[in-house]
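What follows is a short report on a single structure.
Bear in mind that the values in this text are calculations on the coordinates, not laboratory data. Since the structure is predicted, the reported quantities are computational estimates derived from the model, not experimental observations. Here the Cβ positions follow ideal geometry from the backbone for every residue, glycine too, while neighbour counts run over all protein chains shown.
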Amino acid sequence: MGLSSNSLIHFTPKKEYLVGILENNFKINYCVEEIFTEKYSMSGAFPMVCFCDIPLSEITAHMFNYGDYGIGLKREWIISNGLNPVLYLEKKSDIARKIFVTFKAILKGKPITNYNDDESTIVSIMQYMKNYQGDLKRNNNTIPDYRFSDEREWRYIPSKDQVDYVAVPVDEFKNNKPKYNNKLKKLRLEFSPDDISYIILSDESEISDFIEIIRRAKGSKYTMAQVDRLITRIFTKKQILSDL
């Protein structure tokens, strides 16, 4: 089996979040990123939707960290919507040092909220960067020396013309998270039922409810033929861990 999948997966920790995606497409939210080199660091909250490029047979650890519910989208949809793989930086590497020296020279310590168009473009490059390895902080837990590159992450980032802020200072965002995410509430990353490769649920007992959700959407978003196809694309965590 190849290292890449023909579909990219978005995971979420709650059933209602997955239902929201199926009914209303992907919401864009600000996510905090901190990137380090040996001498420099940059951080910010950036608007994005994240996916992983991992075959179903290899996603056990990813589900443990990010949630038991997921939706897989076809690679053709991923490409047509302008998503891009993350650039992973080893903190001790020369390229990481050069990138940060360049950013520092251009941005000159200006506050994030005061960037002009050219400076915002530079920051938009940082939106696609992540450390190769570092501490993963999830649900008040920290996994030290987590290898982020194993996630093979792809990101959707809205253009700077679509958002008020391409980045928000971390402390400002943490103190005003609803305020900033509310500014993105009208933005959606849209997909059609035919773009879905599979839907992942935590338990078999949830399948009937999800079939009813899909059927209720018929006429507004799904045709009967699309409903029938999506029902065959539902998997559970147990199936993935034991059968695939």
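Here the contact order of the range 1-132, divided by its residue count and restricted to Cα pairs under 8 Å and six or more residues apart, works out to 32 percent. Counting only alpha carbon atoms, the long axis of helix 15-24 and the longest principal axis of the chain meet at about 90°. Give me D for the range 4-145 in µm² s⁻¹, whole number, from Stokes-Einstein with Rh from the Kirkwood sum over alpha-carbon pairs, 25 °C and 0.890 mPa s. Using the Kirkwood radius from Cα pairs, D works out to 144 µm²/s.
Ordering Ile196, Thr223, Gln239 by Cα displacement along the dipole of the range 150-244 toward the positive end leaves Thr223 in first place; charges were set at the Cβ atoms of Lys, Arg (+1) and Asp, Glu (-1). Rounded to the nearest 10 degrees, the angle from helix 207-216 to the longest Cα principal axis of the chain is 90 degrees. Candidates Cys31, Ile122, Gly70 compared by Cα position along the dipole of the chain: farthest toward the positive end lies Ile122, with charges placed on Cβ.
Charged neighbours of Val170, selected by a Cβ distance under 13 Å, balance to -1 (K, R count +1; D, E count -1). Residue-normalised convex hull volume from the C-alpha trace of the range 19-102: 143 Å³ per residue.
Quick one: Kirkwood hydrodynamic radius for the range 90-175, alpha-carbon pairs, angstrom, one decimal? Result for the range 90-175, one decimal place: 14.9 Å. Between the range 70-109 and the range 170-244, the C-alpha centres lie 26 angstrom from each other.
Quick one: net charge of Ser202's neighbours, Cβ under 13 Å, K/R +1, D/E -1? Walk me through the numbers before you get to the answer.
Values: positive: Lys14, Lys15, Lys237, Lys238; negative: Glu16, Asp68, Asp203, Glu204, Glu206, Asp209.
Neighbourhood net charge equals -2.
Charged side chains reduced to their Cβ positions (Lys and Arg at +1, Asp and Glu at -1) give the chain a dipole of some 540 debye around its Cα centre.
Working from Cα positions, state the angle (0 to 90°, nearest 10) between the long axis of helix 94-107 and the longest principal axis of the chain. Its long axis makes an angle of about 70 degrees.
What is the mean projected area of the alpha carbon convex hull for the range 126-244, to one decimal in square nanometres? Walk me through the numbers before you get to the answer.
On the way: hull surface 43.0 nm².
Average projection, Cα convex hull of the range 126-244: 10.8 nm².
In plain terms, the chain from Val101 to Ser120 could stretch by 5.2 nm, reckoned as 0.36 nm per residue minus the Cα-Cα distance.
Using only the Cα atoms, what convex hull volume per residue in Å³ does the range 13-53 have? Walk me through the intermediate numbers first.
On the way: hull volume 3.9 nm³, N = 41.
Taking only Cα atoms, the range 13-53 has a hull volume of 96 Å³ per residue.
Close amide H pairs (under 5 Å, H built 1.01 Å from N) link Ser197 with Gly72, Leu73, Lys74, residues at least 5 positions away or on another chain.
Where a ≥ b ≥ c are the square roots of the eigenvalues of the C-alpha gyration tensor, would you call the range 92-139 rounded, which needs a/c under 1.5, or, failing that, prolate if a/b is larger than b/c, or oblate? In terms of gyration-tensor shape, oblate. Annotation: amide H of Met129 within the under-5 Å range of Leu87, sequence separation 5 or more or interchain, hydrogens built in the peptide plane. On the principal axes of its alpha carbon atoms, the chain extends 56, 36, 33 Å, with the longest extent given first. Expressed per residue, the C-alpha convex hull volume of the range 169-229 stands at 154 Å³.
Annotation for Arg229 and Asn182: the two label points, set 7 Å from Cα along the Cα-Cβ direction, are 4.0 nm apart.
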